Each structure stands twice: as C-alpha cells, then as structure tokens.
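In what follows, a single structure is set out as structure tokens and then discussed.
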Amino acid sequence: MTDRRRFLPLRLKFLAAFFLSLLAALAGVMLVYLAGESYIQLYYMDEARMQERTRGLLYDFVDFVQERRLDVHNARDITRWAKEQDYVYLLIYQDGRVIIDSGWWDEQEYYTDFTELEDVPAAARSAGTEEGGVSFGYGMVTATVAFSDGEYEVVLYDFSDEPLYDRVRLLSFGAGILIFVLLLLVYHSKTIRRIIRLSQEVEVIAGGSLEEPIARQPADELGALAQHVDTMRFSIINEMRAEQEAWNANSDLITRMSHDIRTPLTVLLGFLELLEEGNYSGDETYRHYLGICKKNAFQLKELADRLFQYFLVFGHREHGLELEVADARVLLGQLIGEHAVWLTEQGWQVETVPLESTVFVEVDTVYTKRLCDNVFSNIEKYADPNHPVEIRLWVAGDELHITVRNRIRSTSRQVESTNIGLKTCERISELMGGRFLVHRTETEFCAEVIQPVYREPEEVPAAS
C-alpha cells in the first residue's frame, strides 16, 4: 500500500523547526526587551524619581565641597568624588568656560585649567524645571555651588539607568536562547517519542504478536519506515495464512485419499483371497472375481496417477515450465477436438463453439494437455449423457475464455471426492498466468479457463 500523502523529509522538518524556533526566539527577545524598557521608563525614569535622585546627588556633592572647603583647582578630589558615584557625570563651568569635565566613562579625563567652553549642553544652560535656584532636566540637575574660591555652575548627569538597560538586554537575550532551545527540544523529543513508539511496536511484532498494527505516522522517513514495517507484517500474516491453508488442504487431502484408496484396496484384497483359496464355483465366477479385481486395480492406479500429478504441480516452487507462443485456435482445436470425439463415441452429445479469430497464447503444451485431461475426465465421471456438453471459446478484451458446461448426473458416485483434478487445474492455470474458475449449481457444472492472449506473436512480452 502506497502512502499518497505529501512526503516531507525529516531534514526539511528540522530546518523548519530551527527557523521557527529562531523567529520565536527573536520575537521573545523583542517582547522581553520592550517590556523591560517600558518598566524602566514608567517606574525608574519617572520624573519625580529622577528629580529625587539628582537632588540627592547635588546635596551630596555640595556637602562634599563644603566639608573639605574645596576650590575648583582641587580637580582630583572633585573628580574622585564623581568616580565614586555610580554612573554620574559631573560638569563645572563659569562664564561659558569648562573648568572640570569628569565623565564616568574615563577615570583619567578631567580639566585642571580653564578652557574655552565650546558646547555646553543646552539642557545645562536652560534646565526644564527650576526649584529654589536648582534646575532639573531629564536625568540631570543644574545649580550654582559655592566653592572656597567662588561660585560656579555645576551640572550633574545621572546614568544609573544604564545598568538596568544592560540587565534588560541580558534578560531578553537569555529569554531568546531559552525559547530557542526549548522549542528545538520539544521538536526533538517528539521525534524521539515517535522512534521509541515504532521500536516498541516492532518489538511486539518480533515477539510474535503479528495482529498488533503499526500506528500511522506523518509522511516522512519514519512514517515510510512504519508503513514498510506494517506492509511486511501483512505479508508475513498472509504467508503464514497461506501456509496454514496449504497444510490444512494437504492434511485433508491425505485423509480423504486414505479413505478412497482403502475402499478399492480392501475390495481387491478380499477378492484376491477368494481366488487364492479357490472359493468360486466355476470359470464364470472366476472371471467375474478377476474383473472386479481388475476394476479396483485400475481405480487405484487412477487415484495414484492423480495424486502423483497433484504433488508434481504443488510440490515444488520451481516447476520448470517451458512456455511457448502458440496459435490458440490450432492448439485448443486439437486438444479439445480429441476429447470431443472421444465423448461422442461414448454416447455424449457435444456442442462446440470454436474461436472466430486467430489469437496467440503463451503456454506450456504439456501442462495445457494435463489441464484438458482433468476437465474432460471430470465430465466422464459426473456428466449426464442425456444432456449435451457445451464447449465454448471466445475472446473478451485481452483474455481468452474457455467454458465446458455439463448437466450433473443424478446417480453419479463421488469417485474423486478429494477434487484433486480441479485443484490441479487451478494451479496449472495460475502457473501459466491465467485463472481457473468453477461455477456449480445443484444441476449444472461449468469449468472456465481464462488465459491472456495476444493479437500477434510479437506482442508477447520478452520477459516471459
């Protein structure tokens, strides 16, 4: 049985799972990052909280300057304070000139000389919110601070949100990796479960439970393997069933044959004993007894011949058929004609419808003769001589049909109760690529032989 579902190789499924997992991981990264960024913006970077943090930084710096009575020339102390704060940028200027610029990104960067201020941030010049001489902007505070040598403008930038963004980035990438790995694990675990299930089902079959079916799987390599295993299971079941049927048929044949042989053999031995002991009244009785012995001896011979023919056909896998192309009208006309003449001489009325055109068959002539012998021997035993025997040959499509029909004799004795002849005919037809059918009613019997035909000899396949 061929699976007509669309076949999708496992490697393509893996690539699809890989890219889908990658897309899901990227989507997870974006979602986690956006969520973390929104949280930082809504809570940590809230305006009130930022002002509170920058105000605290300003107060700490003012206390630091006043406690140590620092002037702006104490750049190292001032810069050290800025470096000790986490993520703080300090800018001190006066009259448009930068005095100290201590960035948190570089501990060695600071000013000890007065230089021209080329670009003081606009936020430092005009902060957004003023409160008692202190101006607040986004993440920054600007105020005038009194040093020991005078008042200077101080700008403090708060970059404490940077580590939070770093953590969000790390968390988002971690979430993406986790999603990617989990989805691939789910795909691989599903594939592994399919393999384990198929292995368990094969193990059950190997244990002898052939009736257990193999579960249908998706159309890929594992699905094809499961299908092949199930097909193999069906083949084994059919072979075992056929072997069992053959065994039962042969056992039944032997049982029936032993009965059929025992009857004439018992009669033969009985009359031979009478003849041996001289228990007969005269020559006429002697000849009568001898005729009975001869009749039963011929019956035994016929049974032996049929039994030999049966095992000749069924007993070997290789039968050594010698197939040859023959004109069906000539070959069958000769074989059937001989039997028709013989039946006519024995008192039967034979009606024959021959082939109307020339066709060719590929057969073994010896086996074909055996088939005809068995069919017409059946007529001799069971046919009613008071009704005609109909023999008809015709071609339908690419098949030759031969039917032999007769009325069953009501007083006939079942000499061939084993049906060896019919079984032999069926096997011979099968070996030659044809079929043998039996149509039987209470009053009629019809044997039909069906054989492939060819219009020209050249049409016969060379492989045959």
Taking just the C-alpha trace of segment 10-70, give me its Rg and Dmax in Å.
-> 23.8, 77
Can you check what the net charge comes to around Arg169, using other residues whose Cβ is under 14 Å from the Cβ of Arg169 (Lys, Arg +1; Asp, Glu -1)?
-> -3
Roughly how many nanometres apart are two label points built 7 Å out from the Cα toward the Cβ at Leu210 and Asp86?
-> 7.6
So how far apart, in nm, are the two label points at Asp252 and Val438 if each is 7 Å from Cα heading toward Cβ?
-> 1.0
In what sequence, highest mean first, do 224-233, 338-347, 369-378 appear when ranked by Cβ atoms within 10 angstrom?
-> 369-378, 224-233, 338-347
Equivalent ellipsoid dimensions for segment 339-444 as semi-axes, Å, which come from the Cα gyration tensor, largest first = 23, 17, 13
Which pairs break 22 Å Cα to Cα here: Lys381/Lys423; Lys295/Lys369; Lys301/Lys369; Lys294/Lys423?
-> Lys295/Lys369; Lys294/Lys423
For Thr263, the accessible surface traced by a 1.4 Å probe with all protein chains present amounts, in square angstrom to the nearest 10, to 70
So what's the Cα pair-distance distribution over segment 158-287, bin width 10 Å, in %?
-> 10, 17, 12, 11, 10, 10, 9, 7, 5, 3, 3, 2, 2, 1, 0
What net charge is computed for the residues neighbouring Thr443, neighbours being all others with C-beta under 15 Å from the C-beta of Thr443, Lys and Arg scored +1, Asp and Glu -1?
-> 0
Using a Förster distance of 56 angstrom, determine the FRET efficiency expected from the C-beta separation of Glu151 and Lys190, and round it to 0.05.
-> 0.15
Computed over segment 136-209, the convex hull of the Cα set has an average projected area, in nm², of 8.3
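The values are calculated or read from the model by the stated rules, or taken from the named source; none is laboratory data. Please read all numbers here as calculations on a predicted model, not as lab measurements. Reconstructed Cβ throughout: ideal geometry from the backbone, glycine too, with neighbour counts over all protein chains shown. Ligands, DNA and RNA are excluded from the accessible area calculation, which covers all protein heavy atoms including side chains. Shrake-Rupley method; radii C 1.70, N 1.55, O 1.52, S 1.80 Å.
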